[in-house]
Amino acid sequence: MTLWAATRRVLVTIGVSAVVVVLVVLLGAITASIPALASARGLALPLALIAPLALSTMVGYSLTTGDPAVESTAVRPIAALDTASVVLAALAVSAALGMLDAAGYAEYGAEAGRNAIGFVGLLLIGRAAVGPNAGTAVPVIIVVLLAFFGADAAGEPRWWAWALVDSAERSSWVVSLVLVAVGGSLELTRPVAQRVFHLVRRLRWPPGR
Amino acid sequence: MRIRTILRTNAGVWLTLPLTLLAVAYIANFTRSADPYPVAVTAAGLAALGFVVPICAALGAWEGGRLRRGGTWDLPTVRSRYVIAGWALGPVVAAGCVSVVAAVLTSTLASGVAVPDWRPVLVAFLVVLAHSAAGFALGILVPTALAVSGSLLASFVWMVFLRGLDPMWLRYLNGGAIELCCDISTDLAPSAVSGPLVVAIGLLAAAGLTLATTRAGLQRRALALAPLLVALVIGSMLVSELSAYPAVPRDERQLLCSDRDQIRVCVWPEHEPRLAEVAGLAAKAWAGWRAAGVSAPTHFTEGQDGVPPDVLRFSFAMRSSPSVIVSGFAYAMLPPWPACADFGPYLGFEAFEYVHAWYAAHGGLPEDDLRSMYQASSGPDRPPVIELVDQVLAQPLDVQRRWLAANVAALESCEMEPQLSLSAPNS
């Protein structure tokens, strides 16, 4: 467990989580005006909404720090530890930001907290879909595209731009929670999926290719 | 490396088409510029830089990460490391440049401009190159999972969030804010080009030095950032005089003029197809005002040269209707905004619409257009514009001139009450 925590940079992850919270509190209200499609007014994008990308990047990196060959023979449930740690980090950041928002210290705390959960979910889905290295960039790519293509003619975020809408939109929380649930399931079943994948590869013709 | 191998394996090659389509789709939906002014429509195409550049940075990091993961970068090499980096980065930079060109052409061709202005395009190319190289250097230095995501995020924040910071000139350091240039009477400010160019060159040099010192100690690696810091200082000095828009007044020698019926009308070259029509409208407006006994300048210009009331400065767009142009003449006849109004109450402001409507009516604006323009214009303490202006226009010309003079005097000062009736000043 200690070795796992050291390998996964758990302390660094905790530090980055704290930095994200501080960033949202201190600089979260800095707003970029992104030229929006067919709109005279740009989409207003507060820094707080993208700050949790630092967390998803860090946990994405931490999940690549192990040795897959060694970990495939480990007696401890590595996949479960990995999944639990990253989901816990997202939930902890979300809870902290939600409380700070409720207390009036973080203007966009609730939105940032929601995004922390959703971004980690996207990261885990990205790892399963495009691999551990490119997967880390998936939440960032999604946010960049949402920022540039997710505004309507009035410069307001469209309903499907879940990471940009107000936290009062319940559907955005549903999307975040679904993302983390799907991503967590994929990460948890990674060893099984890998075995199935290898089995399928071995069955491909010509055999032994 | 063989070209065929690069085409098969490089991420930049694979993503050129999707990135280009994204850039075109993004720019194609923007509201078109009303005038075929090359620098303005070219600059508008740079709006796509906000996502093209970060994606190039991430692709650069990916390519650097491939060399790092394969251990290729640490092996002894016959070719220079910059040549190796160039082969890896070439397709990435090409993908970014193709996307920029496609976005710019989408903007310019839609506005009827065949040849884009080279200055915004040059800045965009260099910014793409610098961010791609910085991403590549990061990919060599740190694990790929961090480098790809980190360079994408850092580049996105740099390209997008500078616009939200004070002082306002910070926005010009990244090159993206060039898209705010220009209306037809302005040109791209030279410092808005040189500032981001210097910063991009500094970033490029820092990335190059980083690649040269990958095996060196931390101190030497930190020194590699020196060119970027120096460039940021120089770039800041260059752009620090710029305000909200990266523009300077346009060269007045480009104006095209028409002399007709003692009236000289000058417009920008992009408006030349409508010069004869505008000259006719100007002559008609001038004659109307003269007939009403009001002195009006004989020189109508879209430029900034000359001082009112000797010249009448106006502007219009290619798709402006004749009524809008005449209304513009009438606005130009109003006195300038008094300095005192910036610091205190401006009682005369109430007269603004009434005086404009009077000038527009005498300047040849059709009655129906005047009524539709001011149909809903009234206030709790003032009469409807059309109602009062109709009453004024029904009076003898000397009464009209006295009413006009009283309200123009109110517009020129801050303390004077406007005369929003025919009899006495409003209280």
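For residues in the range B:1-27 being within 13 Å of B:VAL101 (Cα to Cα) and more than 9 Å from chain A (Cβ to nearest Cβ), which is surrounded by the most Cβ atoms within 10 Å (Cβ to Cβ)?
Ranking the candidates gives B:ALA23 first.
Would you tally the residues in the range B:45-78 being at the interface with chain A (Cβ under 9 Å from one of its Cβ atoms) and either buried (at least 16 other Cβ atoms within 10 Å of the Cβ) or among the aliphatic types (A, V, I, L, M) (or both)?
10
For the range B:1-23, give me the residue count where each residue is of a type in the set (Lys, Arg) and over 18 Å from B:TRP62 (Cα atoms).
2
Quick check on B:LEU312: is it assigned to a helix (DSSP H, G or I) and more than 24 Å from the chain's Cα centre (by Cα)?
no
Whether any residue in the range B:79-97 is closer than 26 Å to B:PRO18 by Cβ, surrounded by 22 or more Cβ atoms within 10 Å (Cβ to Cβ), at pLDDT 90 or above and out of contact with any Leu (no Cβ under 9 Å at 6 or more places or on another chain) is what I want to check.
No, that holds for no residue.
Among the helices (runs of 4 or more DSSP H) contained in the range B:325-421, which hold 2 or more residues that are in contact with a Pro (Cβ under 6 Å, 6 or more places away or on another chain)?
Of the helices (runs of 4 or more DSSP H) lying wholly inside the range B:325-421, those with at least 2 residues that are in contact with a Pro (Cβ under 6 Å, 6 or more places away or on another chain) span B:397-412.
Being within 20 Å of A:PRO35 (Cβ to Cβ) and either assigned to a loop (DSSP other than H, G, I, E, B) or touching a residue at least 40 places away in the same chain (Cβ under 8 Å) (or both) is the filter here, so list the residues in the range B:154-165 that pass it.
B:SER155, B:PHE156, B:MET159, B:VAL160, B:LEU165
Just checking, does the range B:260-269 include any residue being surrounded by fewer than 22 Cβ atoms within 10 Å (Cβ to Cβ) and in a helix (DSSP H, G or I)?
Checked against the condition, which is being surrounded by fewer than 22 Cβ atoms within 10 Å (Cβ to Cβ) and in a helix (DSSP H, G or I), the range B:260-269 yields at least one hit.
Can you tell me how many residues in the range B:1-34 are in contact with a Lys or Arg (Cβ under 9 Å, 6 or more places away or on another chain) and closer than 13 Å to B:SER107 by Cα?
Residues in the range B:1-34 being in contact with a Lys or Arg (Cβ under 9 Å, 6 or more places away or on another chain) and closer than 13 Å to B:SER107 by Cα: 1 in total.
Please specify each residue of the range B:242-279 satisfying the condition of being touching a helix residue (DSSP H, G or I) at 6+ places or on another chain (Cβ under 9 Å), among the small types (Gly, Ala, Ser) and without any contact (Cβ under 8 Å) to a residue 60 or more places away in the chain.
Once the filter is applied, which keeps residues that are touching a helix residue (DSSP H, G or I) at 6+ places or on another chain (Cβ under 9 Å), among the small types (Gly, Ala, Ser) and without any contact (Cβ under 8 Å) to a residue 60 or more places away in the chain, the range B:242-279 yields only B:SER258.
Taking only the range B:175-198 into account, find how many residues are without any contact (Cβ under 8 Å) to a residue 60 or more places away in the chain and either in contact with a Ser or Thr (Cβ under 9 Å, 6 or more places away or on another chain) or within 14 Å of chain A (Cβ to nearest Cβ) (or both).
Count: 2.
Given the residues B:ALA145, B:ALA216, which is the only one that is in a loop (DSSP other than H, G, I, E, B), free of Cβ contacts under 8 Å to residues at least 12 places away in the same chain and more than 23 Å from the chain's Cα centre (by Cα)?
Every option except B:ALA216 fails the conditions.
Hey, among the residues in the range B:167-195 that are assigned to a helix (DSSP H, G or I) and of a type in the set (S, T, N, Q), which one's surrounded by the fewest Cβ atoms within 10 Å (Cβ to Cβ)?
For the range B:167-195, the residue satisfying everything is B:SER194.
State the number of residues belonging to the range B:126-157 that are closer than 18 Å to B:LEU228 by Cα and either of a type in the set (Asp, Glu) or surrounded by fewer than 24 Cβ atoms within 10 Å (Cβ to Cβ) (or both).
Qualifying residue count for the region: 5.
Output the residues belonging to the range B:226-246 that are modelled with pLDDT of 90 or more and either touching a His at 6+ places or on another chain (Cβ under 9 Å) or not in a helix (DSSP H, G or I) (or both).
Within the range B:226-246, B:SER240, B:GLU241, B:LEU242, B:PRO246 qualify.
Pairs under 6 Å by beta carbon, first residue farther than 22 Å from B:THR20 by Cα and at the interface with another protein chain (Cβ under 7 Å from one of its Cβ atoms) in the range A:124-152, partner assigned to a loop (DSSP other than H, G, I, E, B) and of a type outside the set (Gly, Ala, Ser), six or more apart or different chains?
Correct list of pairs: A:PRO132/A:THR64.
When you check B:LEU129 against the structure, is it at pLDDT below 95, closer than 20 Å to B:ALA205 by Cβ, away from chain A (no Cβ under 11 Å) and in contact with a Gly (Cβ under 9 Å, 6 or more places away or on another chain), yes or no?
So B:LEU129 does not fit the description; no.
Can we say A:SER62 is buried (at least 21 other Cβ atoms within 10 Å of the Cβ) and within 14 Å of another protein chain (Cβ to nearest Cβ)?
yes
The values are calculated or read from the model by the stated rules, or taken from the named source; none is laboratory data. The structure displayed is predicted, hence computed values, not measured ones. Here Cβ is always computed from backbone atoms with ideal geometry, including for glycine, and neighbour counts include all displayed protein chains.
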